[in-house]
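The values are calculated or read from the model by the stated rules, or taken from the named source; none is laboratory data. Computed from a predicted structure; not experimentally measured. Here the Cβ positions follow ideal geometry from the backbone for every residue, glycine too, while neighbour counts run over all protein chains shown.
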Amino acid sequence: MSMNVESSVRERYSEGARERQESLCCPVDYDSGLLAMLPDEIIEKDYGCGDPSRYVQKGDVVLDLGSGGGKICYMAAQLVGKGGQVIGVDMNDDMLALARKHQQEMAARLCDDRVRFLRGYIQDLALDLEALEEYLATNPVTGHKEFTALRDWEARQRREQPLIEDNSVDLVISNCVLNLVADEEKQQLVSEIFRVLKPGGRVAISDIISDQPIPGSMKTNPELWSGCISGAFGEAEFLHVFADAGFHAACYDKWDARPWQVVEGIEFRSVTLTAVKPVCLPDECHDSSVIYRGPFAEVTDDAGNCYQRGQRVPVNRQTHELLTGHAYKEGFISLSAGSETAGCCESLQQSGETQQSHGGGCC
């Protein structure tokens, strides 16, 4: 993140931690039952554009990017139950202080201490900023030698003691925060989300998108950037950056028809993007097929496989689990082993299709 972007965001949200900023608020219909347990101060000083807590499941390990005062974290904590965990990551000391201020109180109300807040950049989830502060306190950087030592320490810390470990999270959520990251770091941000998710893990990201490219004059406006405008993803870009990072089933599960704001003729609206990190299973035969239900004549998945409406398609185990899971919203009928259709190996051998057909690695 460039210094100008980081400074403007930090200052704006530090103000928001001290006093409510109405201009940062986007109307959201939160679950009143989950809000009932939260302190008024956390509810009052929350800034978001959606409710990703709706995607939390019991037992999840949830990571909230840009957790702010902790509102979504404390809502999620009620949903994960005693077997789950909730981790909030934020770079802003004032917001972290607000969230931690009520941590013991919320632990008592939940009868369990299942929420923790960490200081870090959401685009660099391996770097522990509190550990960095401790290092700098005893190893101040006064020249190139010390700067090189700092870079070496950061690389070692990311590798050996990452803030968030690889493949450790079931669900990554965020509420109107990804747009605050500098454009040149957004790809790294999504790659970090992919890194920390377990195979089969999910994302539910509520954020602001634009219907047109944002001009440079708006990009350099600190007020518009910290106000969730200038750093917004484009409509198609938001989906594509997740698909390019390796996610499957990226879609807009929520789309506000009415724009939140219109600035210089550009519409900015709230959406919630969902996607899944694919599971990598052995390339083995799996006697299953699927049928695409419709309504479209045909669809193509993220691996490039095409499914025609009503046609049986043999698939390997990995593809079968993905297509028949929640991410595709029952768009496919599962034909498991023992059905009338031939098994994966037999079907493909008879048709002469290659190993890469229909889900890859299928004999």
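Structure values in brief
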{"read-out": "Count of residues meeting criterion [in a loop (DSSP other than H, G, I, E, B) and without any contact (Cβ under 8 Å) to a residue 24 or more places away in the chain] in region 158-172", "value": "0"}
{"read-out": "Candidate set: region 106-146, residues that are in contact with a Lys or Arg (Cβ under 7 Å, 6 or more places away or on another chain) and over 30 Å from Gly33 (Cα atoms); chosen: the one surrounded by the fewest Cβ atoms within 10 Å (Cβ to Cβ)", "value": "Glu130"}
{"read-out": "From the options Lys198, Lys219, residue that is at pLDDT below 95 and among the basic types (Lys, Arg)", "value": "Lys219"}
{"read-out": "Qualifying position, being surrounded by fewer than 16 Cβ atoms within 10 Å (Cβ to Cβ), outside the structural domain of Val181 (by TED's automatic domain parsing) and of a type in the set (A, V, I, L, M, F, W, C), among Ala149, Ala97", "value": "Ala149"}
{"read-out": "Residue in region 206-213 that is closer than 30 Å to Val80 by Cα, assigned to a helix (DSSP H, G or I) and not hydrophobic (A, V, I, L, M, F, W, C) present", "value": "no"}
{"read-out": "Search result, residues across region 227-276 that are more than 15 Å from the chain's Cα centre (by Cα) and of a type in the set (Val, Ile, Thr)", "value": "Ile229, Val262, Val263, Ile266"}
{"read-out": "In region 301-324, residue surrounded by the most Cβ atoms within 10 Å (Cβ to Cβ) [restricted to those that are touching a residue at least 24 places away in the same chain (Cβ under 8 Å) and among the basic types (Lys, Arg)]", "value": "Arg317"}
{"read-out": "Pick from region 225-280, criterion among the basic types (Lys, Arg) and closer than 21 Å to Ile173 by Cβ, ranking: surrounded by the most Cβ atoms within 10 Å (Cβ to Cβ)", "value": "Lys277"}
{"read-out": "From Ser23, Ser8, residue being surrounded by 15 or more Cβ atoms within 10 Å (Cβ to Cβ), modelled with pLDDT under 90 and in a helix (DSSP H, G or I)", "value": "Ser8"}
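A quick yes/no check of all residues on (1) assigned to a strand (DSSP E or B); (2) without any contact (Cβ under 8 Å) to a residue 40 or more places away in the chain; (3) touching a Phe, Trp or Tyr at 6+ places or on another chain (Cβ under 7 Å):
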{"site": "Gly231", "(1), (2), (3)": "no, no, yes"}
{"site": "Glu237", "(1), (2), (3)": "no, yes, no"}
{"site": "Ala257", "(1), (2), (3)": "no, yes, no"}
{"site": "Phe268", "(1), (2), (3)": "yes, no, yes"}
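One line per residue, one yes/no per condition, for (1) of a type outside the set (Asp, Glu); (2) in contact with a strand residue (DSSP E or B) (Cβ under 7 Å, 6 or more places away or on another chain):
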position: Ser32; (1), (2): yes, no
position: Pro39; (1), (2): yes, no
position: Ile43; (1), (2): yes, no
position: Asp46; (1), (2): no, no
position: Cys49; (1), (2): yes, yes
position: Tyr55; (1), (2): yes, yes
position: Asp60; (1), (2): no, yes
position: Leu63; (1), (2): yes, yes
